[in-house]
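Structure record follows, encoded as structure tokens.
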Amino acid sequence: MTTPASDFRSDTVTKPTAKMRRAMAEAEVGDDVYGEDPTVRRLEERTAEVLGHEAALFVPTGSMGNQLSLRVHARSGTEVILEGKSHIFHYEMAGMAALSGLLPRPIDAPRGRMTAEQVAAWIRPEAVYYLPRTSVLALENTHNFAGGAVMPRPVIDPLLALAKEKGLATHLDGARLWNAAAALGVPEASLAAGFDSVMTCFSKGLRAPVGSAVAGSKAFIAEARRVRKLFGGGMRQAGVIAAAALVALEDERARLPEDHARAKKLAEGLAGIRGLRIDPADVETNILMIFLEGDWGDSAGVVAKLQSRGVLAGAAGPSSFRMVTHADVGDPDVERALRAFEGIRAGR
């Protein structure tokens with residue numbers, strides 16, 4: 001029998017647990033477009049409670065959750081300020097422009113942590129009528145492309161205060177907010193507080209097969225439900241998938257520190273291999289960004305060599321790649337990955 005690959009490409013590759021599968025098979029369902037699916041309703045109520053907001057809406061994907069939030073908050077022709085390597089800007093196919101007529105205003109910031117001073121410089125003055133208005137400030141926590149960097153409250157609070165002062169709506173892409181809370185040892189609600197909307201995913205570190213949610217005020221969620229339908233996200237007997245997400249929400253958050261510990265162990269091992277640049281101190285959660293130096297070649301070639309050794313990773317640029325720990329990789333997978341890198345370095 002062939003040994004399964006050690007898959008570090010993403011925490012989206014996890015398989016649902018046996019408990020999730022049972023919950024899906026036994027889910028009580030109804031037509032959610034009519035608001036009649038009891039399992040979806042339970043998931044939405046519980047998500048809102050965990051995030052500390054009035055209400056929540058189940059959506060098929062995190063990208064849809066982000067995009068419908070921007071659509072609700074902003075008029076066509078206005079600008080959205082966001083970090084220059086954020087998921088919304090890089091990985092959602094220009095959705096804000098295509099779906100809502102919004103212009104992104106990216107700001108590059110170390111570790112994905114914009115400052116109030118940076119943001120203030122790009123808020124358009126109302127007195128200059130021929131400039132686009134600024135409508136939304138969007139943050140990301142954890143920040144994917146910054147290697148799972150966490151944004152704590154001392155970073156968040158000045159940004160929210162500025163947005164409130166300037167009349168901007170605020171949205172949090174919290175796809176991995178669960179990881180941020182676990183890393184800081186705080187409730188998720190403490191990191192979601194103050195935002196007009198928060199999106200988070202059940203299908204990444206929490207292992208559900210599909211699904212995300214958006215939380216906010218009752219008025220925001222009522223409008224978001226309309227936009228979800230507009231974007232093609234109205235679902236029927238969605239309790240079948242919401243049941244797995246509900247199990248994920250209740251059972252999997254406490255396990256996330258294990259993923260973080262394995263990511264740190266992997267980073268420490270990689271830091272000792274010549275030509276691989278990674279600072280273990282930067283690894284706060286479950287994502288590693290590794291940079292190639294010297295004679296390693298390009299990231300595509302390294303990824304191919306890793307695959308030939310039974311280790312899967314993802315290129316993130318010509319000389320960088322990403323590795324992500326999750327429930328379906330254990331300590332033996334970390335050791336296997338380190339052996340693979342050492343073998344490539346040695347030319348074996």
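The values are calculated or read from the model by the stated rules, or taken from the named source; none is laboratory data. Quick caveat, the model's predicted, so the values are computed rather than measured. All Cβ positions, even for glycine, are placed from backbone atoms using ideal geometry, and neighbour counts span all protein chains on display.
Points to keep in mind about this one:
- Taking every residue in the stretch 274-295 that is in contact (Cβ under 8 Å) with a residue 60 or more places away in the chain and over 15 Å from Glu342 (Cα atoms) and pairing it with any residue that is of a type in the set (Gly, Ala, Ser) and assigned to a strand (DSSP E or B), at least 6 positions away or on another chain, the pairs with Cβ-Cβ distances below 7 Å are Glu284/Ala149; Met289/Ala316; Met289/Ser320.
- Some residue of the stretch 19-34 being among the basic types (Lys, Arg), part of a loop (DSSP other than H, G, I, E, B) and either in contact with a Pro (Cβ under 8 Å, 6 or more places away or on another chain) or assigned by TED's automatic domain parsing to the domain that holds Leu168 (or both): no
- The residue that is farthest from Ala261 (Cα to Cα), counting only those in the stretch 293-341 that are among the basic types (Lys, Arg) and out of contact with any strand residue (DSSP E or B) (no Cβ under 7 Å at 6 or more places or on another chain), is Lys305.
- Exactly one residue out of Glu54, Glu28 is out of contact with any Lys or Arg (no Cβ under 8 Å at 6 or more places or on another chain) and modelled with pLDDT of 95 or more, and it is Glu28.
- Any hit, the stretch 312-329, residues being in contact with a Gly (Cβ under 7 Å, 6 or more places away or on another chain) and either in the same structural domain as Leu177 (by TED's automatic domain parsing) or over 23 Å from Thr142 (Cα atoms) (or both): no
- Those residues of the stretch 224-263 which are crowded, with 17+ Cβ neighbours inside 10 Å and more than 16 Å from Gly211 (Cβ to Cβ), in sequence order: Val227, Leu256, Asp259, His260, Arg262, Ala263
- Search result, residues across the stretch 307-345 that are under 17 Å from Ala271 (Cβ atoms), assigned to a helix (DSSP H, G or I) and without any contact (Cβ under 8 Å) to a residue 40 or more places away in the chain: Glu335, Arg339, Ala340
- Positions within the stretch 80-135 being of a type in the set (Phe, Trp, Tyr) and closer than 19 Å to Leu168 by Cβ, in sequence order: Phe89, Trp122, Tyr129
- Lone unmet requirement of (1) in contact (Cβ under 8 Å) with a residue 12 or more places away in the chain; (2) out of contact with any Asp or Glu (no Cβ under 8 Å at 6 or more places or on another chain); (3) over 30 Å from Met289 (Cβ atoms) for Ala25: (1)
- With a requirement of 2 or more residues that are among the small types (Gly, Ala, Ser) and at pLDDT 95 or above, the helices (runs of 4 or more DSSP H) lying completely within the stretch 67-132 that satisfy it span 95-100, 116-120.
- Positions within the stretch 200-223 being free of Cβ contacts under 8 Å to residues at least 60 places away in the same chain, within 21 Å of Glu54 (Cα to Cα) and buried (at least 23 other Cβ atoms within 10 Å of the Cβ), in sequence order: Phe202
- So Leu292, is it over 30 Å from Ala181 (Cβ atoms), at pLDDT 95 or above, surrounded by 15 or more Cβ atoms within 10 Å (Cβ to Cβ) and not aromatic (Phe, Trp, Tyr): yes
- Condition check for Arg71: crowded, with 21+ Cβ neighbours inside 10 Å and of a type in the set (Lys, Arg): yes
- Positions within the stretch 133-144 being over 24 Å from Lys204 (Cα atoms) and not in a strand (DSSP E or B), in sequence order: Arg133
- Within the set Asp333, Asp279, Asp298, the sole residue that is within 30 Å of Ala18 (Cβ to Cβ) and among the charged types (D, E, K, R) turns out to be Asp333.
- Exactly one residue out of Leu43, Leu51, Leu70, Leu57 is touching a His at 6+ places or on another chain (Cβ under 7 Å) and hydrophobic (A, V, I, L, M, F, W, C): that is Leu70.
- Only one of the listed residues (Gly52, Gly95, Gly84) is touching a Pro at 6+ places or on another chain (Cβ under 6 Å), surrounded by fewer than 22 Cβ atoms within 10 Å (Cβ to Cβ) and closer than 30 Å to Val283 by Cα. That residue is Gly84.
- Selection status of Phe341, at pLDDT below 95 and buried (at least 18 other Cβ atoms within 10 Å of the Cβ): no
- Among the candidates Gly272, Gly301, Gly294, Gly330, residue that is more than 19 Å from the chain's Cα centre (by Cα) and on the phi > 0 side of the Ramachandran plot: Gly294
- Test: residue in the stretch 272-279 that is closer than 30 Å to Pro187 by Cβ and either among the charged types (D, E, K, R) or in the same structural domain as Val214 (by TED's automatic domain parsing) (or both): yes
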